[in-house]
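Below: one structure, written as C-alpha cells.
Every number here is computed from the coordinates shown, using simple stated rules; none is lab data. Since we're looking at a predicted model, the values are computed, not measured. Here the Cβ is made from the backbone with ideal geometry for all residues, glycine too, and neighbour counts use every protein chain on show.
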Amino acid sequence: MADKTKLTRAGKQKLEEELRNLIEVVRDDVKRQLAEARAQGDLSENADYDAARNRQAEVEGRIKEIENILSNAEIIDEEGKKRSNKIALGTTVTIKFLNNDKEQTFMIVGTVESDPFNQKISNACPLGEALIGKTLGDVVEVKGKVPYQVEILKVGA
C-alpha cells in the first residue's frame, strides 16, 4: 500500500476544488477544442488537433494525480498542533537565521502542499526536517550544501 499523503484541511480543499474545475470546466473546454480541430479536416498535419490532444493528456494526467493524492490523503490535525509546543506537520513556526539575524515564519506541510513562496515548507526539505520535533528556543543545525543554524522564536499561530 502506498504511503499516506499528508495534507492540511485547506490543502485538501484546494485539491478538491482543482479537481472539480478540471472535471467540470477544463475537460469540457478541451473536448470543444478537439471537436473544432477535427472539423478542420486532415488530422495528420493539424497542429491545433495535436495541441488539443496534448492538453487533453495533461488534464487527464492531472485528474488522475489529484484523485490518487486524495485517495491516499491523511489530514493533519492542525488544531492539536496549535496547542502543542512541539513542531510537527501543520505547525506554524517563526525562526531566526543565526548567520544574518533574518526572521521568517513558515508553516510545515507535506510535500504536496509545499510552496516556499507562500511560506509553506515541506517536512521533507532540509529546514522542515530539522525543525520537526523541536520546541521554542531550540537552536537547530540545518544540513545542506552549506549547513546553517536557526533559532526557533515562536511555535504556533
**Q.** Residue among ASN72, THR92, VAL109 farthest towards the positive dipole end of region 3-144, charges placed on Cβ
**A.** THR92
Q. Membrane-span-like helices in the chain: DSSP H runs reaching 27 Å or more (Cα, own axis), mean Kyte hydropathy at least -1.0?
A. 47-71
Q: Please build a GNM for the chain, connecting alpha carbons under 10 Å apart, and tell me which residue among ALA73, ALA39, ALA88 fluctuates the most.
A: ALA39
**Q.** Percent of beta bridges antiparallel (DSSP, the chain, rounded to nearest 5)
**A.** 75 percent
Q) Amide H to amide H under 5 Å from TYR148: which residues, 5+ apart in sequence or cross-chain, H placed 1.01 Å off N in plane? A) VAL142
Q: As a check on your grasp of the helix formula, calculate [θ] at 222 nm for the chain: sum -39500 (n - 2.57) over DSSP H runs of n ≥ 4, divide by the residue count, round to the nearest 500.
A: -12500 deg cm²/dmol
